[in-house]
Amino acid sequence: MLVTFLQFAYRNVFRNFRNYAAFFMATFFSVFVFFIYSMLMFHPEIESGFLGEVSIAGMVFAEIILVLFSWFFIYYSLRAFLEARSKEFAILLQLGMSRHQLGKLIFIETMTIGLFSCLLGIVFGFAFSNFFFMIVREILNLSALPMYFSWEPFVLTLFVYLSAFVIISTISMMFIPDLKIRDLIRGQQSIEIEQSYSKCKAILGIVLIVVGYSLALLTTKSSIFTYTLLIPIFVTFGTYYFFSDTTLLVIDRIKRRKHVYWKQSRMVLIADQVQVLRVNSRMFFVVTLVSTLAFLTVGVLSAMSSYTSQYDKINPIGIIYKGEIDNPYEIEHVLSIIKDLEQNGISYHMTRFSVVRQTSTFTSNPVEVFRETDVNHLLFSYKYPLVSLNSGEAMFIPYSEDSIKELRETVVHTTLKENNVALTINSVYPQMFFPAAMISSNSIIISDEDFEKLVNEFERAPDVEPGYHLFTFDIPNWNETEFVGLGIQQMVASEYVLNRNYSLPFYFENAGLNYSYILATYSLLTLVGILVVAVFLLASGSFVYFKIYANLDREKKQFNTLKRIGLTDKEMNRIVTRNLVIQFFLPWGLALMHSAFAFYVVQMVLNDYMNLSIAKEVVFSFTSFIFIQIVYFFLIRWRYISHISG
């Protein structure tokens with residue numbers, strides 16, 4: 001008897017594989033991604049070093065996101081399956097199956113799907129692990145990343161996903177005793193179709209979304225942290241009410257316009273959409289949030305791509321060494337940098353700056369003063385126009401592209417208070433030649449004659465450093481400098497990690513070394529992100545797939561009835577297309593809007609702090625997403641029409 005019952009459950013799964021296909025594929029791919037991340041996370045060769053820590057941290061974060069999302073996806077999918085098979089359950093109960101047996105049947109079917117998806121995901125994951133290791137090895141510049149065999153990734157993957165199926169299927173079985181056979185025969189859609197919307201909630205949904213968007217537009221540097229917490233809350237609740245009530249309010253208003261509602265086949269379309277929106281409001285809400293998360297992930301990766309591609313523009317100088325005036329390491333460190341450059345055969349142009357701090361009588365704030373000759377020495381290596389100043393003249397040093405526009409028409413008459421040097425600042429250098437974070441936003445160039453007059457020390461010394469020495473190494477190919485100054489870089493990095501307040505008397509920055517870290521981290525996170533986003537998109541598409549294909553038989557009967565009373569194939573195709581367009585593109589369209597406003601905030605922050613634009617990358621990513629969804633839509637539409645027409 002046990003074998004017969006198991007066979008019955010087994011055949012139920014594979015005879016209804018059309019309904020389970022999307023769920024199986026999404027679960028299989030999630031297991032596949034989780035397993036290869038686990039293989040990398042437990043790899044014995046990748047646990048040491050900075051990049052090893054970055055990769056493991058990225059893997060752990062991706063694993064946590066996948067686990068949380070997979071558990072939710074499995075729970076929601078199982079609930080959708082139970083609703084779709086309500087009539088089948090009613091027949092089994094009517095034929096004498098006990099509710100305990102029905103729960104046992106559901107449990108066995110769920111575990112069958114779960115076991116097959118886990119086993120196939122692990123098998124394919126292990127088969128592709130070596131290829132994945134080859135990619136990661138190149139990204140992290142590792143000498144070797146060999147294939148290995150360990151029980152840990154296998155046990156972790158099986159434990160996470162099989163426990164999810166066991167727990168969630170058990171929870172889903174608890175809902176069965178509450179359903180009556182009469183309600184099961186009518187179906188879940190018939191039960192929920194009588195629910196009405198709330199006008200207040202419908203308006204509240206729009207208001208919350210508009211408030212969230214408004215906060216995004218009003219976000220500034222000072223308010224970004226507060227608004228970043230508030231915006232997702234407003235938008236999330238607004239999205240839920242939008243699908244549960246706002247959409248129904250809009251359709252109700254359309255139905256009252258008889259000249260619109262009664263025209264051609266619109267009555268059938270609108271009536272059907274009322275049912276779809278009422279029954280599937282939660283599904284649309286989930287698809288919107290999941291799609292938004294996918295869009296944001298790709299957008300963040302696009303921002304990193306823009307940063308890496310514009311890194312040379314943001315950091316025009318290859319190596320910078322900045323130290324206090326009495327820095328005891330200065331000679332030793334500068335000589336070691338020169339030695340590393342010459343040993344590696346790297347051409348460079350070094351400039352030494354003696355920067356003095358003074359107090360401006362115009363603002364009463366400190367100002368960093370640069371000598372004209374020192375600046376021209378650096379500009380000459382850039383092949384930029386040189387600066388020519390007379391005594392009493394000064395020029396602003398730009399700290400961002402926007403500052404060039406802001407300071408171009410600014411004229412300031414001030415005096416350097418400590419030495420009574422009168423200046424007229426009436427111009428700004430037309431190009432950035434220092435990284436934005438390296439100098440003060442209040443920095444100027446003065447003539448050599450005026451600089452010699454700065455003999456009195458800054459009035460706030462010694463509490464504030466009266467000046468500093470700056471060594472710049474202009475290197476045409478700074479991508480080759482990743483092995484220069486490693487000892488100095490380790491001292492700086494350790495200071496940041498071990499001490500809360502930076503206390504070293506110097507600061508060192510190697511653009512080539514930083515770029516190698518940034519590029520490796522970006523490439524690895526891109527690899528991680530693309531696979532996670534693929535899981536999100538496959539799962540969000542599966543949510544829509546469940547709802548469409550679970551009701552194919554009912555839809556087929558409905559269209560056959562309409563055909564008997566005169567509905568043409570052309571009209572049927574039009575109704576199907578409009579119906580599917582709403583189900584596909586309403587949640588994804590709203591997700592794109594959410595993401596667009598989110599990236600407006602990201603763009604503003606990047607522009608303020610790094611003078612970086614990500615518009616091109618984000619538009620390209622979103623366009624790619626839209627193209628993929630359109631292809632997916634026409635594929636589903638083709639299969640849907642062929643089924644209901646057959």
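The values are calculated or read from the model by the stated rules, or taken from the named source; none is laboratory data. This structure is a prediction, so every number in the text was calculated from the model and none was measured. Because the Cβ atoms are built from the backbone with ideal geometry, glycine has one as well, and the counts that use them run over all protein chains shown.
Things to note:
- The number of residues in region 151-166 that are of a type in the set (Ser, Thr, Tyr), more than 12 Å from PHE35 (Cα to Cα) and touching a residue at least 40 places away in the same chain (Cβ under 8 Å) comes to 0.
- For region 619-646, the set of residues classified as of a type in the set (Val, Ile, Thr) and modelled with pLDDT of 75 or more consists of VAL619, THR623, ILE626, ILE628, ILE630, VAL631, ILE636, ILE641, listed by residue number.
- Set ILE331, ILE320: member being out of contact with any helix residue (DSSP H, G or I) (no Cβ under 6 Å at 6 or more places or on another chain), over 22 Å from THR424 (Cα atoms) and not in a strand (DSSP E or B): ILE331
- Selection count, region 355-413, where residues are farther than 23 Å from ARG460 by Cβ and hydrophobic (A, V, I, L, M, F, W, C): 11
- MET111 fulfils the conditions (1) in a loop (DSSP other than H, G, I, E, B); (2) closer than 29 Å to THR157 by Cα except for a single criterion, (1).
- Candidate set from region 138-187 (those that are over 20 Å from ILE106 (Cβ atoms) and hydroxyl-bearing (Ser, Thr, Tyr)); member that is modelled with the lowest pLDDT: SER143
- In the set VAL605, VAL631, VAL619, only one residue is within 29 Å of VAL298 (Cα to Cα) and either among the acidic types (Asp, Glu) or more than 21 Å from the chain's Cα centre (by Cα) (or both); that residue is VAL631.
- Scanning region 474-484 for any residue that is modelled with pLDDT of 90 or more and of a type in the set (A, V, I, L, M, F, W, C) turns up nothing.
So that you can scan it fast, the table gives a plain yes or no per residue for (1) of a type in the set (Gly, Ala, Ser); (2) closer than 25 Å to LYS322 by Cα; (3) part of a helix (DSSP H, G or I):
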| residue | (1), (2), (3) |
| --- | --- |
| THR351 | no, yes, no |
| SER354 | yes, yes, no |
| VAL367 | no, yes, no |
| VAL375 | no, yes, yes |
| SER381 | yes, yes, yes |
| LEU386 | no, yes, no |
| SER391 | yes, no, no |
| TYR399 | no, yes, no |
| ILE404 | no, yes, yes |
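- Search result, residues across region 563-592 that are under 17 Å from ILE630 (Cα atoms) and free of Cβ contacts under 8 Å to residues at least 60 places away in the same chain: VAL581, PHE584, PHE585, GLY589
- Members of region 103-128 found to be among the polar types (S, T, N, Q) and either over 29 Å from LEU524 (Cα atoms) or modelled with pLDDT under 85 (or both), listed by number: THR110, THR112
- Residue within region 431-444 that is within 17 Å of HIS469 (Cα to Cα), assigned to a helix (DSSP H, G or I) and modelled with pLDDT of 90 or more present: no
- Reported count of residues in region 445-485, each being in a loop (DSSP other than H, G, I, E, B), among the aromatic types (Phe, Trp, Tyr) and buried (at least 18 other Cβ atoms within 10 Å of the Cβ), is 1.
- Pairs where the first residue, in region 430-448, is among the charged types (D, E, K, R) and the second is modelled with pLDDT of 85 or more and buried (at least 17 other Cβ atoms within 10 Å of the Cβ), C-beta under 8 Å, 6+ apart: ASP448/ARG371; ASP448/GLU372
- Qualifying helices (runs of 4 or more DSSP H) (wholly inside region 188-283; at least 3 residues being modelled with pLDDT of 80 or more and touching a helix residue (DSSP H, G or I) at 6+ places or on another chain (Cβ under 9 Å)): 199-218, 224-241
- Which listed residue, of ALA127, ALA144, is surrounded by fewer than 12 Cβ atoms within 10 Å (Cβ to Cβ), among the aliphatic types (A, V, I, L, M) and not in a helix (DSSP H, G or I): ALA144
- Looking only at region 497-513, and only at residues there that are in a helix (DSSP H, G or I) and exposed (fewer than 11 other Cβ atoms within 10 Å of the Cβ), the one that is modelled with the lowest pLDDT: VAL497
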